[in-house]
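Novice: Got a structure for you, questions after.
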Amino acid sequence: MKIFLGDKLVDEKDAVVSVFDHGLLYGDGVFEGIRAYNNRIFLLDEHIDRLYDSAKAIALKIPMSKEEMSNAVIETCKANEIADGYIRLVVTRGKGTLGLNPYLCNKAQIIIIAAKIQLYPQELYENGLKIVTVGTIRNHPEAINPRIKSLNYLNNIMAKIEAINAGCMECLMLNHKGEVAEASGDNIFAIKNGVITTPPSNCGSLEGLTRNKVMEIARAAGYEVREAIMARYDLYVANEVFLTGTAAEIISVVDIDKREIGDGKPGKVTTELAGLYAKCAHSEGTLIV
Ligand code: PMP
């Protein structure tokens, strides 16, 4: 496998970073997870924009223009013959001292990995997920804003641990006010009487690109789509609930805290949206040439 490291492609065995890299020492950096379908990179510009916004928010200067970064992603896919796959784009603060001071890190480190995607088991898409609300609340926006896709994922990992300990693969995270935020690695939507609702992105979630695309697709299909503050009650009494994410795409939630959602099976609207999303993901995007 070839890895893009710094400013060029190298063999995987040579893709090594310093143990003094602040990405490793402090989770100081930002990242993106991107999908390629049919030799096209889906939502590449949107991912690059979010990466640079995340970097800006943590005062990290990426030593490459957006165009150069897009080209580096395409080159990495080409070098690994990835036409359908998953791309991990990471920018760390770079090598520094053992102290926190990020200004002592001379240059941000860029890492791009393009690999085959590990899909969730098909069974989960057919039967839907069971999730639980966890005690770990999503980061307070004035601590680490969840809109920043930072390398510091401990908040989500703590939630994931609780979910797994409760026998679930995903969970519901609330914000510091007890409002619905998101899952540990996906955004959340509810459908009630044909109206599709998701929390606004300033309610303690990452502004997911799949989320944004699904809202666009649903509106184009004639659905009313709202961004509104949600309580757990809104999820419990919904007709359908689903999660969205680059890796998961659209997946039904059929049980939350032992409340069956709808009739306990993936719903009609969710299935329709998943079909429309797949069509879009397989036909749009930046060509890998
Ligand atoms: N929330 C969190 C915490 C995430 O890590 C992700 C990405 N896996 C998402 C939501 C979904 O974002 P996107 O649709 O851009 O992948």
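The values are calculated or read from the model by the stated rules, or taken from the named source; none is laboratory data. Given the structure is predicted, the values throughout are model-derived calculations rather than measurements. Note: ideal-geometry Cβ built from the backbone for every residue, glycine included; neighbour counts use all protein chains shown. Side chains included, ligands, DNA and RNA excluded: accessible areas come from the protein's heavy atoms. Shrake-Rupley method; radii C 1.70, N 1.55, O 1.52, S 1.80 Å.
Novice: Please compute the per residue accessible area over the chain with all protein chains in place, 1.4 Å probe, rounded to a whole number of Å².
Specialist: Working: 13760 Å² over 289 residues.
Ligands and nucleic acids excluded, the figure is 48 Å² per residue.
Novice: While we're here: Of 213, 13, which has the most accessible area with a 1.4 Å probe, and how do the rest follow in descending order?
Specialist: Details: 213 20, 13 150 Å².
From most exposed to least exposed: 13, 213.
Novice: Right, another one. Read phi for every residue in the range 99-105 and hand back ³J(HN,Hα) as whole Hz from Karplus 6.51 cos²θ - 1.76 cosθ + 1.60, θ = phi - 60°, with x for Gly and Pro.
Specialist: 3J(HN,Hα) across the range 99-105, in whole Hz: x, 5, 3, x, 6, 8, 8.
Novice: Could you give the Stokes-Einstein D for the chain in µm² per second, using the C-alpha Kirkwood radius, 10 °C, 1.306 mPa s? Don't jump to the answer; show the numbers that get you there.
Specialist: On the way: Rh = 19.7 Å.
It diffuses with D of about 80 µm²/s by this estimate.
Novice: Using θ = phi - 60° and the Karplus relation 6.51 cos²θ - 1.76 cosθ + 1.60, list the HN-Hα couplings for the range 22-27 in order, rounded to whole Hz, with x at every Gly or Pro.
Specialist: For the range 22-27, the Karplus-derived couplings read 5, x, 7, 5, 10, x Hz, x marking Gly and Pro.
Novice: Rounded to the nearest 20 Debye, what is the dipole magnitude of the chain about its Cα centre when Lys and Arg each give +1 and Asp and Glu each give -1 at the C-beta? The partial results should precede the final answer.
Specialist: Working: 32 positive and 37 negative charges, 76 e Å.
Dipole size: approximately 360 debye.
Novice: What number, in percent, do you get for the relative contact order of the chain if the mean sequence gap of Cα pairs under 8 Å and at least 6 apart is divided by its residue count? Please report the intermediate quantities before stating the final value.
Specialist: Values: 615 pairs, mean separation 57.2, N = 289.
Relative CO of the chain lands at 20 percent.
Novice: Run the quick spin-label model on residue 10 and residue 119: label points 7 Å from Cα toward the beta carbon, then report their separation in nm to one decimal.
Specialist: 3.4
Novice: Taking the Cα centre of the range 77-171 as origin and charging only Cβ (+1 Lys, Arg; -1 Asp, Glu), how large is the dipole, in debye to the nearest 20?
Specialist: 520
Novice: Specify the inter-centroid distance of the range 68-100 and the range 267-289, based on alpha-carbon positions, in whole Å.
Specialist: 25
Novice: Still on this model: Defining a contact as two alpha carbons under 8 Å apart and six or more residues distant in sequence, what relative contact order in percent does the range 192-273 show? List each step's numbers first, then the result.
Specialist: Numbers: 108 pairs, mean separation 23.4, N = 82.
Relative contact order, the range 192-273: 29 percent.
Novice: Something else now. Can you give me the % of accessible surface on the chain that is carbon or sulfur? Probe 1.4 Å, all protein chains present, nothing else counted. Walk me through the numbers before you get to the answer.
Specialist: Numbers: 7390 of 13760 Å².
Of the solvent-accessible surface of the chain, carbon and sulfur hold 54 percent.
Novice: Using alpha carbon centroids, what distance separates the range 191-256 and the range 147-166, in Å?
Specialist: One Cα centre to the other: 20 Å.
Novice: While we're here: Where nothing but the Cβ of Lys and Arg (+1) and of Asp and Glu (-1) is charged, how large is the charge dipole of the range 1-84 around its Cα centre, in debye to the nearest 20? Mind dumping the intermediate values first?
Specialist: Values: 10 positive and 16 negative charges, 9 e Å.
For the range 1-84, the charge dipole is close to 40 debye.
Novice: Provide Rg and Dmax in Å for the range 1-55, with only Cα atoms included in the calculation.
Specialist: Cα radius of gyration and Dmax of the range 1-55 are 13.7, 38 Å respectively.
Novice: Once phi is turned into ³J(HN,Hα) by the Karplus curve 6.51 cos²θ - 1.76 cosθ + 1.60 with θ = phi - 60°, what whole-Hz value does each residue of the range 221-226 show in order, with x for glycine and proline?
Specialist: 7, x, 7, 7, 10, 10
Novice: Just going by the charge dipole of the range 157-271, with Lys and Arg at +1 and Asp and Glu at -1 on Cβ, which of 241, 187, 223 is farthest out on the positive end?
Specialist: Of 241, 187, 223, it is 223.
Novice: I've got another one for you. Beyond 21 Å, what percent of the Cα pairs of the range 159-289 remain?
Specialist: On the way: 3155 of 8515 pairs.
Tail fraction, whole percent: 37.
Novice: Can you tell which of 202, 65, 20 lies farthest toward the positive end of the dipole of the chain, using +1 and -1 charges on the Cβ of basic and acidic side chains (Lys, Arg; Asp, Glu)?
Specialist: 20
Novice: By how many nm would the segment from residue 45 to residue 154 lengthen if fully extended, with 0.36 nm per residue of separation less the alpha-carbon distance? Before the final figure, lay out each step's value.
Specialist: On the way: separation 109, 0.36 × 109 = 39.24 nm, distance 2.71 nm.
Roughly 36.5 nm would be gained on extension.
Novice: I'd like to compare 221-228, 199-206: which one has the highest average count of other Cβ atoms within 10 Å, and what's the full order after that?
Specialist: Numbers: 221-228: 13.2, 199-206: 20.0.
Final packing ranking: 199-206, 221-228.
Novice: Shifting gears a bit: I need to check one value: relative contact order of the range 1-110, counting alpha carbon pairs closer than 8 Å and at least 6 residues apart, in percent.
Specialist: Working: 169 pairs, mean separation 39.8, N = 110.
Relative CO of the range 1-110 lands at 36 percent.
Novice: Residue 287: accessible area at probe 1.4 Å, nearest 10 Å²?
Specialist: Per-residue accessible area (residue 287): approximately 80 Å².
Novice: Right, here's the next one. Mind checking which of 103, 132, 114 is farthest towards the positive end of the range 93-159's charge dipole, using Cβ charges of +1 (Lys, Arg) and -1 (Asp, Glu) about the Cα centre?
Specialist: Among 103, 132, 114, the one farthest towards the positive end of the dipole of the range 93-159 is 103.
Novice: While we're on this one: Can you report the principal axis dimensions of the range 85-194 using only the alpha carbons, biggest first, rounded to whole angstrom?
Specialist: 53, 38, 31
Novice: Which value at 222 nm does the chain reach when only helices count, each DSSP H run of 4 or more adding -39,500 (n - 2.57), with the total divided by all residues and rounded to the nearest 500 deg cm²/dmol?
Specialist: Working: 8 runs with 82 residues, N = 289.
One gets -8500 deg cm²/dmol as the mean residue ellipticity at 222 nm.
Novice: Tell me, in nm to one decimal, what length is gained between residue 282 and residue 260 on full extension, where the rule is 0.36 nm per residue of separation less the Cα-Cα distance? Don't jump to the answer; show the numbers that get you there.
Specialist: Working: separation 22, 0.36 × 22 = 7.92 nm, distance 3.23 nm.
Working it through step by step, the gained length comes to 4.7 nm.
Novice: So, in the range 159-289, how many Lys pairs have Cα atoms under 21 Å apart, if the pair is 8 or more places apart or on different chains?
Specialist: Counting lysine pairs in the range 159-289 gives 9.
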